[in-house]
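The values are calculated or read from the model by the stated rules, or taken from the named source; none is laboratory data. Keep in mind that this is a model prediction, so the values were computed, not measured. Reconstructed Cβ throughout: ideal geometry from the backbone, glycine too, with neighbour counts over all protein chains shown. Remember, those area values only see protein heavy atoms, side chains included, never the ligands or the DNA or RNA. Shrake-Rupley method; radii C 1.70, N 1.55, O 1.52, S 1.80 Å.
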Amino acid sequence: MSAIGRSPVDPSGTEPVTGPVGGDRPPPTGIGTRGLIVFYITSLIGAGVLGVPSVTASIAGPASLLSWAVLAFASYPIAVLFAEMSARHVDASGISALVRSGLGHRAADTANTLLVLVYTFGNPVMGVISARYFCHLTGMDDHWVMYLAIGFMLVSVAFNRLGITMGARIQNAALVVLLACLGGAVLLAVPSMSADHYRPFAPHGWTAVGTSSVVAFFSFLGWENVSSVAEEVRDPAHSFRRAIRFAVPVVGLIYLAVAAAYLAVDHGDGTVVMSALLGPDLGRISGTLGDLLALLIVMVATNAWVLGASRLSLAAARQGLLPGWLARTDPRTGAPGRTLLALAAGYTAVLATMGVLDVNEDRIVVLTSAVFLLLYVAAAIAALRDRPTPAMRRSAWATGAIALVFLPFTGSALPVAALLALGAFLATGVLARRRGRTVPLPSDEVK
């Protein structure tokens, strides 16, 4: 779950939410600009910061820093597109709300179904990553990874059942600790840094920078995740636009700082970024601190993505794409309890299947990225058909171009993603005939 706090421009936090709210609860006080900034950061800074800088360094050497710098700027139009989308379409269905306005109901239902599917099989990867760090920290055998992964996902589901207010306080505090620890790791690495580690700058040639950029791009997926909480945002037309101005540079600076520090130290062939930054001088405690920091980073990100999944599934239930009983929310906390329980069952099933079939999480990551890139293309096309402002038009063109550039690099995952999209399209057609157009939204009932 994302950090959700009070807006610095409105400390009272008493305005009602703009747009429909779910189930049978009263309108919540909503998320302010500060809460959105934290949600953006926790959605973007996850497992990518722990290992991707080492992968890009092995591909392009110190020149991989150019990849991070370029992507820090290239991610801005993508972030702006989804922020503008959320400001204009206050809907928990996220990308599919924009797709509906530009491409129609059938395309929107397909996007929503595909999003629910990819969140269900993609989110458990973070549970696996947490489990691997926990096993390394405690010395447990890898045999326990899948069992522990299920446990970590259930913890995030339980966390989201606390509701927005309580979860926000915990997530805000966790982000402060996370940033402090990341900053501390970089500072501890300063005595070990040397400009000599940046020579030669491009040992594998300049073309390798392009390859490393493709790998680094996957760390910048997540700007769309924040759209799922649009219904719970105070003054979304202004809050999203203000939040994105802060969130994009902060995320970019975090990745740049970690990548630059990692390249400046003697990391050898190590793939664990935090351990390389903490250095050998700390002895065994280096590995322990690195594992603890990694666990914190991944768990905070998992909470944010489970929150996004629960809101998307809630929207799908309202629209008749999932059973209607999933559309109810807890009147005390506002949390979609039934949806979260369904997600818990889905995560457990996915992880159990991965364990039985011995499926590597890397394949799931690439498939997830391929699906999101397809959705980016659809969102860009829809935005261009949705009476866009000049800024939105530029962002849409840039987002579509970036997605089309990176799609071929997903390799064999691309046809699988296309088949999933086709399956979602066919399934929504069947559902539309059997169950009617949509389940009325609460706002429709009022009208």
- Message: With the requirement that a residue be crowded, with 22+ Cβ neighbours inside 10 Å, farther than 26 Å from Ser130 by Cβ and either of a type outside the set (S, T, N, Q) or in contact with an Asp or Glu (Cβ under 9 Å, 6 or more places away or on another chain) (or both), what does the stretch 50-73 give you?
- Response: Ala60, Gly61, Ala63, Leu65
- Query: Which one is modelled with the highest pLDDT among residues in the stretch 300-343 that are open to solvent by 30 Å² or more (accessible area, probe 1.4 Å), charged (D, E, K, R) and within 27 Å of His105 (Cα to Cα)?
  - Reply: Arg338
- Test: residue in the stretch 204-214 that is touching a residue at least 24 places away in the same chain (Cβ under 8 Å) and under 19 Å from the mean Cα position of the chain (by Cα): yes
- Item | Criterion: on the phi < 0 side of the Ramachandran plot and crowded, with 20+ Cβ neighbours inside 10 Å - qualifying residue of Ala379, Ala352 | Ala379
- Message: Given the criterion part of a helix (DSSP H, G or I) and surrounded by fewer than 24 Cβ atoms within 10 Å (Cβ to Cβ), identify the matching residue among Val80, Val90.
- Response: Val80
- Query: Can you spot a residue in the stretch 241-260 that is in a helix (DSSP H, G or I), in contact with a Gly (Cβ under 8 Å, 6 or more places away or on another chain) and farther than 18 Å from Ile45 by Cα?
  - Reply: no
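Per-residue answers, yes or no, for (1) modelled with pLDDT of 80 or more; (2) closer than 19 Å to Pro62 by Cα; (3) aromatic (Phe, Trp, Tyr); (4) part of a helix (DSSP H, G or I):
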{"site": "Gln171", "(1), (2), (3), (4)": "no, no, no, yes"}
{"site": "Val186", "(1), (2), (3), (4)": "yes, yes, no, yes"}
{"site": "Val190", "(1), (2), (3), (4)": "yes, yes, no, yes"}
{"site": "His204", "(1), (2), (3), (4)": "yes, yes, no, no"}
{"site": "Val209", "(1), (2), (3), (4)": "yes, yes, no, yes"}
{"site": "Phe217", "(1), (2), (3), (4)": "yes, yes, yes, yes"}
{"site": "Asn225", "(1), (2), (3), (4)": "yes, no, no, yes"}
{"site": "Ser228", "(1), (2), (3), (4)": "no, no, no, yes"}
- If you take the residues in the stretch 230-283 that are within 15 Å of Thr33 (Cα to Cα) and β-branched (Val, Ile, Thr), which one is modelled with the lowest pLDDT? Val233
- For the stretch 98-118, state whether one or more residues are open to solvent by 10 Å² or more (accessible area, probe 1.4 Å), in contact with a helix residue (DSSP H, G or I) (Cβ under 8 Å, 6 or more places away or on another chain) and outside any helix (DSSP H, G or I). no
- Across (1) within 20 Å of Gly122 (Cα to Cα); (2) open to solvent by 40 Å² or more (accessible area, probe 1.4 Å); (3) without any contact (Cβ under 8 Å) to a residue 24 or more places away in the chain, Arg363 clears everything bar (3)
- Only one of these conditions is not met by Val229: (1) more than 24 Å from Val49 (Cβ to Cβ); (2) surrounded by 24 or more Cβ atoms within 10 Å (Cβ to Cβ). Which number is it? (1)
- Scan the stretch 224-253 and report the pairs whose first residue is on the phi < 0 side of the Ramachandran plot and whose second residue is of a type in the set (Asp, Glu) and outside any helix (DSSP H, G or I), with Cβ atoms within less than 8 Å and a gap of 6+ or a chain change. Ala230/Asp91; Glu231/Asp91; Arg234/Asp10; Arg234/Glu15
- Scan the stretch 145-169 for residues that are surrounded by fewer than 24 Cβ atoms within 10 Å (Cβ to Cβ) and either modelled with pLDDT under 90 or not in a helix (DSSP H, G or I) (or both) and jot them down. Phe159, Arg161, Leu162, Gly163, Ile164, Thr165, Met166, Gly167, Ala168, Arg169
